Amino acid sequence: MNIAVLGAQWGDEGKGKIVDLLAPSFSIVARYQGGHNAGHTVYTRGRKFILRLIPSGILHPGISCVVGNGVVVDPQALFAEVDELARLGVAVDGRLAVSDKAHLILPYHRELDVLSEARRGERKIGTTSRGIGPAYEDKIGRRGVRVGDLANRSDDGPLANAIRENVESRNRLIGGSGVDWRSVFDQVCGAWDRLKPWVADVSLYLDRARRAGRSVLFEGAQGTLLDIDHGTYPYVTSSNATIGGVCTGLGIGPRAIDGVLGVAKAYTTRVGEGPLPTELADEMGKRLRDGGQEYGAVTGRPRRCGWYDAVAVRYAARLNGLDAIALTKLDVLDGLERVSICTAYRSAEQTLTEFPADLAQLAACEPAYESVPGWSRPTRGARQFGDLPREAQRYIERLEEVSGVPIAIISTGSDRDETIIRPESVLARWLPLAIENGRGKS
Ligand code: IMP
């Protein structure tokens, strides 16, 4: 079985832990979109790993990791991550494939990102300042530079021409003393020797692997509500974080995806600007932030926190065809007297039960909440559904009803072992091994 694991909210749902947990049941883990704006945190062997570009499966020896054409790659960020992994005793060579069609984040993309945010002023997106948007702009504008282009580094070849034209247009846009295209060219070319051994035709690689009976876990970055097409546009990232991104971002057909697992927190968070209907700007919001250590893994920015938004998760279920949900950070709600669930958005004129495309319409509404009893006995570290306090069990069952998707995995702490895998869930069919061993092979 090949399974996609993707974010059902605004990113930071805890995908890293879930991918790491399920990875032992797969041969390959493949990233299909985003770049080093992602920060997938995994706690294992008593250490904290933050993976940005390299799929979280890299922490398991023997698993191959793929960076697809839909990802934008900053070579320096990739090298820094490889070096960091090496320091921690994790070798990537022979286990990493980077698509020759993946677009590069060039040195000036980051600068353009920061500048564009400054120009937007109060309407800024709150990007991660990693150059992600400008790199995707160049890709869509058909002037981008791809990893495979580095193979031809002649002075008058297409790579040199593309970089020269791009730098000239950057200089016209920004003014000042300007960037020297040759220094950018030399810098970019300098990355090739190190990149080369990893570069592959990822579509072909995956096709051959699948024919040889190897299974693939598709790892999403960011989340459904940050998707360029279906998210809270323009407050989104510049790629398709939803399920379609798997096909376009890796060069595979839809039938290669056997199941879709959405990851959602037991509450909601968002980092950056844009609507967050259930945001709590009060003590409760602060409590969730402190309890959940809700600070961006990449930028360290405090995340905005609020109650679980079932309208948003239902939308994610529809867009992605979710078969099941992995619910994370349940333990953060431990000790609350009551917990709220948003089931609709309401104003004097209307009640919305489906997520609207029009942000003004969304802004005119308040969340309609259902309040359920909280629990005092900690859920932290629970490994069986039956070990959870009755109220926590009811909360989960209610989330399943209002989200319209069964919850197959419940994360009750940051460690791999602090997880409930429900044996009656779809996971039993997908990954009998994971179920058998309670939580994967390793
Ligand atoms: P960009 O992807 O850096 O262009 O940022 C666009 C928006 O997506 C901003 O609101 C970011 O905070 C948000 N974003 C990007 N990557 C992540 C992520 O991995 N987790 C959560 N939010 C993200």
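Readers should treat all values here as calculations from the given coordinates under stated rules, not as data from a laboratory. None of the values given here were measured: they were computed from a predicted structure. Note that each Cβ is placed from the backbone with ideal geometry, even for glycine, and that neighbours are counted across all protein chains shown.
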Antiparallel DSSP beta bridges within the chain, percent to nearest 5: 40
√(5λ) per eigenvalue of the Cα gyration tensor, the chain, largest first, Å: 36, 27, 18
D (µm²/s, integer) via Stokes-Einstein for region 124-218, Kirkwood Rh across alpha-carbon pairs, 4 °C, 1.567 mPa s: value 82
Charge dipole (region 104-195, unit charges on Cβ, about Cα centre) - positive-most of Y136, G121, G178: G121
In whole Hz, with x marking every Gly and Pro, tabulate ³J(HN,Hα) for region 143-150 from phi via Karplus 6.51 cos²θ - 1.76 cosθ + 1.60, θ = phi - 60°. 10, x, 10, 9, 3, x, 5, 5
Within the chain, count lysine pairs with alpha carbon atoms under 17 angstrom apart where the residues are 8 or more positions apart or belong to different chains. 13
Can you tell me the FRET efficiency between S371 and Y295 if r is taken as the Cβ-Cβ distance and R0 is 30 Å, rounded to the nearest 0.05? 0.60
Which trypsin sites (Lys or Arg not before Pro) in region 171-276 sit in a loop by DSSP (not H, G, I, E or B) and have at most 11 other Cβ atoms within 10 Å of their own Cβ? none
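Give the residue list of trypsin sites (Lys or Arg not before Pro) in region 101-148 that are DSSP loop and have at most 11 other beta-carbon atoms within 10 angstrom. Walk me through the numbers on the way to the answer.
Details: sites: K101, R110, R119, R120, R123, K124, R130, K139, R142, R143, R146; in loops: K101, K124, R130, R142, R143.
Hits after loop and neighbour filter: R142.
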Toy charge model, Lys and Arg Cβ at +1, Asp and Glu Cβ at -1: the chain dipole around Cα centroid in debye, rounded to 20, equals 740
Which is farthest toward the positive dipole end of the chain among G306, G35, P197, measuring Cα position about the Cα centre, with Cβ charges +1 (Lys, Arg) and -1 (Asp, Glu)? P197
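Which shape class, rounded, prolate or oblate, goes with region 103-163 when its Cα gyration tensor gives a ≥ b ≥ c as root eigenvalues, a/c under 1.5 marks rounded, and past that a/b bigger than b/c marks prolate?
Working: a/c = 2.98, a/b = 2.85, b/c = 1.04.
Prolate.
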Modelled label-to-label distance, E137 and D207, 7 Å Cα→beta-carbon offset: nm? 3.5
Determine the distance separating the Cα centre of region 163-191 from the Cα centre of region 292-351; give it in Å without decimals. 42
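According to the Cα gyration tensor, what semi-axes, each the square root of 5 times an eigenvalue, does the equivalent ellipsoid of region 335-418 have, listed from largest to smallest in whole Å?
Semi-axes (√(5λ), whole Å): 31, 14, 11.
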Calculate how steeply helix 75-87 sits against the longest principal axis of the alpha-carbon atoms of the chain, using the helix alpha-carbon long axis, and give the answer as 0 to 90 degrees to the nearest 10. 60
What does the convex hull of the Cα atoms of region 32-155 come to per residue, in Å³, rounded to a whole number? 125
Loop sites in region 279-370: GluC sites (Glu not before Pro), DSSP, at most 16 other Cβ within 10 Å: E337, E349, E354
Per-residue ellipticity at 222 nm attributable to helices in the chain (runs of n ≥ 4 DSSP H, -39500 (n - 2.57) apiece, nearest 500 deg cm²/dmol) works out to -9000 deg cm²/dmol
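Given R₀ = 51 Å, FRET efficiency for K196-T353 by Cβ-Cβ distance, to 0.05? Write out the running numbers ahead of the final one.
Details: r = 52 Å, r/R0 = 1.02.
Given R0 = 51 Å and the Cβ-Cβ separation, E is 0.45.
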Quick check for me: using +1 on Lys/Arg Cβ and -1 on Asp/Glu Cβ, what's the dipole size of region 104-195 about its Cα centre, in debye to the nearest 20? 340
